[in-house]
Amino acid sequence: MILGKLKGKRGDFVKVLSSTTEVDKFKNFLDTGHISTSQAMEFESNYRADVGEWLYIDLSNDRGIIDPFKNAALNTTNLNPLGTADIKSIHLFYNVTKKQHNGQTVIDKLYFQQVLPSAKMHKAGYLSLAGEPHIKIETDIVALHAYVDSIWDEDTKRLYFHKFEKAHSMFPDLDKFFRAATDEEVATFTRSEIFAPAADLNLKTRNRNRIANILKNKADLLTREKFPKLKKYIKDYNLPVQIARGKLVLENANADVVIKALSEFYYTAEISGEKREANSTHKHEPTPMPPSNQQA
C-alpha cells in the first residue's frame, strides 16, 4: 500500500496505490529491499552526514509523531484516493510494509518520500530516447525521485533520515522532541549547588535536550537535599563520577554519565537483578486489566 499526506492544517491522508503490481513498481523504483540502516548513527546537530549515510532519532518517548501515519495505514477504508485536485497539496508519499505478530497484522516499516513543489506538474513534456527519440506529453503528474528520504522502524522505534532539515519538513513535531537547552539554561545547570565549578562543556544536542528536561521536571535533584540519594545512586551503579569536597565533578569525559544519572537512566531489573541502562525515561502506564469472569 502506498499512502500520501496532504499539506495544510488538516493534513489529510490519501490512498495513492493499492494494486500489488503498482506498489511493487514503486518499491522497486526506490529499491527499498536493499536499504540497510545497520550502520546508522544517532543524530547530532553538529554532525554532517556523508552522502547516503543514515542518521536516526529514537522516538520511543514520543510516538505521537508517527502514530497518525501508522493509524492511517491500519485503517485505510475511509481514506479518499489521491485525485488531480490534490496535486498541489500532496506533501509526501509513504510505502507501508506489514508483518504478522501474535496472530495480528502490525506495521513493520514505513518508507517516506517527500514531494517537492517542483515535482508537481499539471502538464509536462520530455524527450524519450527509448527506441526512436520521441516527445512524450503527460498531464497531472508527480515526479518521483529514486531514493527514500526517511524510514520508520516499528521494532526499534527509530526514525531514520539523511538530512534533519528534510525530516523536520515532513515531521514538524520533531522540533518539540528535540528542544535543546539554551546556553543560559546550561549555565544554570552547571552552576547548581551539587556541582564543583566546571570548565566549559562541549555538550551533544541529546544531552542539552536532557538538561532541558531535568530543569523542567527534575530540578529538585540539583539541590543539596537530594544529594545524598544521588551519591548513593552513583555508588550503587559504580558510575565513573568523581566527588570532590562534597560536590560532583562535571567535565566533558563524564558529562554523559552524570546527565543520565540525573535523568535516572540506570536501573535494576526486577526479576534477574541485572543492572542496566534504559534507552528512554518514558513512564510506564499500567494497562487496566479487564474484569475477570472466573470465580475465586
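The values are calculated or read from the model by the stated rules, or taken from the named source; none is laboratory data. What you see is a predicted model; the values in this text were computed from it and never measured. Because the Cβ atoms are built from the backbone with ideal geometry, glycine has one as well, and the counts that use them run over all protein chains shown.
Here are the numbers for this structure:
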item	result
Condition met for Lys218 (surrounded by 15 or more Cβ atoms within 10 Å (Cβ to Cβ) and more than 22 Å from Glu42 (Cβ to Cβ))	yes
Residues of segment 56-93 classified as in contact with a Leu (Cβ under 8 Å, 6 or more places away or on another chain) and aliphatic (A, V, I, L, M), total	8
All positions within segment 229-272 that are more than 32 Å from the chain's Cα centre (by Cα), surrounded by 12 or more Cβ atoms within 10 Å (Cβ to Cβ) and either not assigned by TED's automatic domain parsing to the domain that holds Lys216 or not charged (D, E, K, R) (or both)	Gln242, Ile243, Leu248, Val249
Tabulated pairs, segment 13-42, first more than 21 Å from Phe69 (Cβ to Cβ), second surrounded by 16 or more Cβ atoms within 10 Å (Cβ to Cβ) and aromatic (Phe, Trp, Tyr), C-beta under 8 angstrom, 6+ apart or interchain	Gln39/Trp54; Met41/Trp54; Met41/Tyr56; Glu42/Tyr56
Test result for Glu138, over 24 Å from Gly11 (Cα atoms), surrounded by fewer than 13 Cβ atoms within 10 Å (Cβ to Cβ) and not aromatic (Phe, Trp, Tyr)	yes
Test: residue in segment 85-92 that is β-branched (Val, Ile, Thr), surrounded by 12 or more Cβ atoms within 10 Å (Cβ to Cβ) and in contact with a Gly (Cβ under 7 Å, 6 or more places away or on another chain)	yes
Residue in segment 42-55 that is modelled with the lowest pLDDT, counting only those that are surrounded by 15 or more Cβ atoms within 10 Å (Cβ to Cβ) and outside any strand (DSSP E or B)	Ala49
All positions within segment 111-124 that are of a type outside the set (Ser, Thr, Tyr) and surrounded by 10 or more Cβ atoms within 10 Å (Cβ to Cβ)	Phe112, Gln113, Gln114, Val115, Leu116, Ala119, Lys120, Met121, His122, Ala124
Subset tally (residues that are in contact with a Leu (Cβ under 7 Å, 6 or more places away or on another chain) and part of a loop (DSSP other than H, G, I, E, B)) for segment 117-161	5
Residues located in segment 132-153, provided they are touching a residue at least 60 places away in the same chain (Cβ under 8 Å) and charged (D, E, K, R)	Asp153
Selected residue (only one of Leu74, Leu129, Leu79, Leu116 is of a type outside the set (Phe, Trp, Tyr) and touching a residue at least 60 places away in the same chain (Cβ under 8 Å))	Leu79
Residue that is modelled with pLDDT of 85 or more, out of contact with any helix residue (DSSP H, G or I) (no Cβ under 6 Å at 6 or more places or on another chain) and crowded, with 18+ Cβ neighbours inside 10 Å, where the choices are Leu30, Leu17	Leu30
Given (1) of a type in the set (Val, Ile, Thr); (2) surrounded by fewer than 16 Cβ atoms within 10 Å (Cβ to Cβ); (3) more than 15 Å from Ile2 (Cβ to Cβ), number of the condition Ile65 does not satisfy	(2)
Scan of segment 166-204 for residues that are buried (at least 18 other Cβ atoms within 10 Å of the Cβ), part of a helix (DSSP H, G or I) and under 17 Å from the mean Cα position of the chain (by Cα), ordered by number	Ala167, Met170, Leu174
Within segment 153-189, considering residues that are within 20 Å of Lys5 (Cα to Cα) and of a type in the set (Ser, Thr, Tyr), the one modelled with the lowest pLDDT	Ser169
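To keep it simple, each residue is scored yes or no on (1) of a type outside the set (Ser, Thr, Tyr); (2) buried (at least 17 other Cβ atoms within 10 Å of the Cβ); (3) part of a loop (DSSP other than H, G, I, E, B).
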site	(1), (2), (3)
Leu3	yes, yes, no
Gly11	yes, no, yes
Glu22	yes, no, no
Ile57	yes, yes, no
Val96	yes, yes, no
Thr105	no, no, no
